[in-house]
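This is the structure I have questions about; it appears just below.
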Amino acid sequence: MIYGHSIESNIRKSLADCVFFHSVEYHRCLTSTSDRAKELAQDGGAEGTVILAGTQTAGRGRMGRHFYSPEGSGLYMSILLRPDELRNDPGLLTACGAVAVWQAIYKLANVKTDIKWVNDLYYQQKKLCGILAEGQFNNDGTLAYVILGIGINITRPEHGYDPEIDDKTIALHDFILDRQIEYSALCAAVTEAFGDIYNKLPNLDFLDIYRKQSCVLGQNITYLRDGQLHQGKAIAIDDHARLVIDKGECRKEILSSGEISLVRAAL
Ligand code: BTN
């Protein structure tokens, strides 16, 4: 991976032609790219601002979890969005992010990854990418801004990932062996794909990929609601990227957020 003084200018060059891109900041180390993006958002920062870091000391994931962000191993990026009324749907924005990363990896490496509802990308049943959308609402319920945080594992760190996640985590270069995935090219491909999908909203064509590449649809799953474990079969993803679950006996449930686990059949 390339690092050094020229990284920000390399990235700026790669991003220059991306639709919707406004400006980029690269930091060697941040608590979280989303913290920095939030500061900028509160200072009136423009949509399309991209924040990158070589490492994060307090990278965060969904459900208050830590997002392990080892130096020089991944793309840790946050994009500042100011959605208008056509784009005022946080669940859909997260799905846009998942499809954008899927398309970027397909473009650069010709590999089809799996999208695990709601916003993770997996390969060989191991997590490759996590996405976290955090929003600030106006008093009238519209979104003032959204920070879309994306973490993609590019290269396995020399000493592996945190032992708790090491055997459940995969990096692009664990399975893309015939080419180097360049940091700035990946960043540009994600930004370009995201901008393209975002600009076309409320066109929902991107959901075709979200559904087709889902590793959840048609599967038996478990999920937590109100502290209770539930199960059912994931049967559809609706036009708000919500998961429709068949609970049997003609009962259905629709999840708009949360965490699900696949029930794998014993061999
Ligand atoms: C998850 O797996 O639950 C979501 C992980 C999101 C991680 C990215 S890395 C860039 C941005 N900054 C953060 O602190 N989190 C997101």
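Provide the packing ranking of 147-159, 54-66, i.e. peptides ordered by the mean count of other C-beta atoms within 10 Å per residue, highest first.
147-159, 54-66
So, counting K/R as plus one and D/E as minus one, what does the shell of residues with Cβ under 14 Å around Gly97 add up to?
-2
For the stretch 166-171, just list the computed ³J(HN,Hα) in residue order, Karplus coefficients 6.51, -1.76 and 1.60, θ = phi - 60°, integers in Hz, with x standing in for Gly and Pro.
Residue by residue, the stretch 166-171 yields 3, 7, 10, 10, 9, 10 Hz.
Now, a different point. Using the alpha-carbon centroid of each, what span in Å lies between the stretch 112-170 and the stretch 214-267?
So the separation of the two Cα centres works out to 19 Å.
Rounded if a/c is under 1.5, else prolate if a/b is larger than b/c, else oblate: which is the stretch 1-150, with a ≥ b ≥ c the root eigenvalues of its Cα gyration tensor?
Details: a/c = 1.39, a/b = 1.12, b/c = 1.24.
Rounded.
Could I ask something else about it? Just for the Cα atoms in the chain, what are the lengths along the principal axes, largest first, rounded to whole Å?
61, 48, 32
So what is the relative contact order for the stretch 145-214, in percent, with contacts set as C-alpha pairs under 8 Å and at least six apart?
This gives 22 percent for the stretch 145-214.
Just to verify a number: what accessible area does Glu259 come out at with the full protein assembly present, 1.4 Å probe, Å² rounded to tens?
60
Let me ask something else. Under the rule of at least 5 residues apart or a separate chain, name every residue whose amide H is placed under 5 Å from the amide H of Arg60.
Phe67
Within a Cβ distance under 13 Å of Asp17, other residues only, what is the Lys/Arg minus Asp/Glu net charge?
Cβ neighbours under 13 Å give a net charge of 0.
Here's a follow-up. For the stretch 217-259, what is the accessible area per residue in Å², given a 1.4 Å probe and the full set of protein chains? Could you put the intermediate results ahead of the total?
Details: 2690 Å² over 43 residues.
Here the residues of the stretch 217-259 average 63 Å² of exposed surface.
Connecting C-alpha atoms closer than 10 Å in a GNM of the chain, tell me which of Leu75, Leu177, Leu201 has the biggest fluctuation.
Between Leu75, Leu177, Leu201, it is Leu177 that shows the largest mean-square fluctuation.
Now for a different question. With a 1.4 Å probe and all protein chains kept in place, how much accessible area does Ser257 have, in Å² rounded to the nearest 10?
Solvent-accessible area, nearest 10 Å²: 80 Å².
Related question: With viscosity set to 0.890 mPa s at 25 °C, what whole-number translational diffusion coefficient in µm²/s follows for the stretch 194-267 from Stokes-Einstein and a Kirkwood radius over Cα pairs?
After rounding, the answer is 181 µm²/s.
Hey, another quick one. List every residue whose amide H lies under 5 Å from the amide H of Leu128, counting only residues 5 or more places away in sequence or on a different chain, with H placed 1.01 Å from N in the peptide plane.
Leu121, Tyr122, Tyr123, Ile170
Also, I was wondering about something else. Ignoring ligands, DNA and RNA, how do Val50, Val111 rank by accessible area with a 1.4 Å probe, largest first?
On the way: Val50 0, Val111 20 Å².
Largest accessible area first, the list is Val111, Val50.
In square angstrom, rounded to the nearest 10, how much accessible surface does Leu108 have for a 1.4 Å probe?
Leu108 has an accessible surface of roughly 40 Å² with all protein chains in place.
Roughly speaking, what % of Cα-Cα pairs in the stretch 93-213 are separated by over 19 Å, rounded to a whole number? Numbers along the way, then the final one.
Working: 3556 of 7260 pairs.
The answer is 49 percent, as a whole percent.
Over the chain, what percent of the accessible surface lies on carbon and sulfur atoms, probe 1.4 Å?
For the chain, the apolar C and S fraction of the accessible surface comes to 48 percent.
Note down the relative contact order for the chain as a percent, whole number, built from C-alpha pairs under 8 angstrom at least six residues apart.
18
Leaving ligands, DNA and RNA out of it, rank Val244, Val263 by accessible area with a 1.4 Å probe, largest first.
So, going from the largest accessible area down, we get Val263, Val244.
The values are calculated or read from the model by the stated rules, or taken from the named source; none is laboratory data. All of these numbers come straight from a predicted model, not from anything done at the bench. All Cβ positions, glycine included, derive from the backbone under ideal geometry; neighbour counts span all protein chains shown. In case anyone asks, the SASA skips ligands and DNA or RNA and just uses the protein heavy atoms, side chains included. Shrake-Rupley method; radii C 1.70, N 1.55, O 1.52, S 1.80 Å.
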